[in-house]
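Written out below as structure tokens is the structure these notes cover.
Where a number appears in this text, it was derived from the coordinates with a stated rule and is not lab data. Treat the numbers as computed from the prediction; the structure is a model and nothing was measured. Here the Cβ positions follow ideal geometry from the backbone for every residue, glycine too, while neighbour counts run over all protein chains shown.
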């Protein structure tokens, strides 16, 4: 099965937290200037890594929408990306911005949600009839549409799902000069606990360097 390469491209605190606390918009780090420019740099890296599409999960968009943070300066918009691809398997989003959007959902999603996609002329991909989106099938369909290297910038749940299914090829992580902590604060990968070492994802370091104002970029290849 052919699929595009998947590059996880995110920023986090040094302890791997991707928000301040549950249901908080990480853009507040940027708005207050404490992220060491990690947000801006991460968006620039999509182009440096030649990502021709950007993947996110619906959960992240819902949190951002409910807790919007206004930024004085807009974040860099990747130039090489052909589409913003959102995985919304539960059909939870009432779409307002539709330009350049591809929605990935399940074949068994509600009729009401499908009606919304059709009425708003939103491009979509159907992948799987189970409880969750069939990720390998979704990636195959994205490959058939011409995508060859996609940047994954979801919340911990979708990142964790890709990780556990062995669908991540590279990890690009910008560490902001922050320590957040917390017992249930979202992290880079939120997924089921491992029962043994067999499930550990081993990485090969490709590059590391200081970036921005105290941030550090780590670039890894995932060993298959």
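In Å, what is the Rg of the alpha-carbon atoms in the range 39-91, and how long is Dmax?
12.5, 33
Please work out the C-alpha center-to-center distance from the range 85-113 to the range 10-37 and express it in whole Å.
The two parts, judged by their Cα centres, are 26 Å apart.
For the range 98-137, what are the per-bin percents of Cα-Cα distances with bins 10 Å wide, up to the bin holding the maximum?
Cα pair-distance distribution for the range 98-137, in percent: 31, 53, 16.
Give the peptides 140-146, 50-56 in descending order of average Cβ contacts within 10 Å, highest first.
Values: 140-146: 15.9, 50-56: 21.6.
Ranking the peptides 140-146, 50-56 by packing returns 50-56, 140-146.
Out of all Cα-Cα pairs in the range 25-64, roughly what percent, to the nearest whole number, are more than 17 Å apart? Write out the running numbers ahead of the final one.
On the way: 353 of 780 pairs.
Across the range 25-64, Cα pairs with separations above 17 Å total 45 percent.
Across 5 Å bins from 0, what is the distribution of all Cα-Cα pair distances for the range 44-177, in whole percents?
Reading the bins upward from 0: 2, 9, 18, 23, 23, 14, 7, 3, 0, 0.
Please report the orientation-averaged projected area of the chain, defined via the convex hull of its C-alpha atoms, in nm².
For the Cα atoms of the chain, the hull's average projected area reads 12.4 nm².
Let me understand the range 98-224 better: what is its radius of gyration from the alpha carbons, and its Dmax, in angstrom?
Final numbers for Rg and Dmax: 17.6, 49 Å.
Could you bin all the Cα-Cα distances of the range 172-224 into 10 Å bins starting at 0 and give me the percent of pairs in each, rounded to whole numbers?
Final binned percentages: 19, 38, 38, 6.
Calculate the length of the line joining the C-alpha centroid of the range 146-188 to that of the range 42-78, in whole Å.
13 Å
Per DSSP H run of n ≥ 4, the term is -39500 (n - 2.57); total these for the chain, divide by its residue number, and report the mean residue ellipticity at 222 nm rounded to 500 deg cm²/dmol.
Rounded to the nearest 500, the figure is -6500 deg cm²/dmol.
Jot down the per residue volume, in cubic angstrom and as a whole number, of the convex hull over the alpha-carbon atoms of the range 1-107.
Dividing the Cα hull volume of the range 1-107 by its residue count gives 139 Å³.
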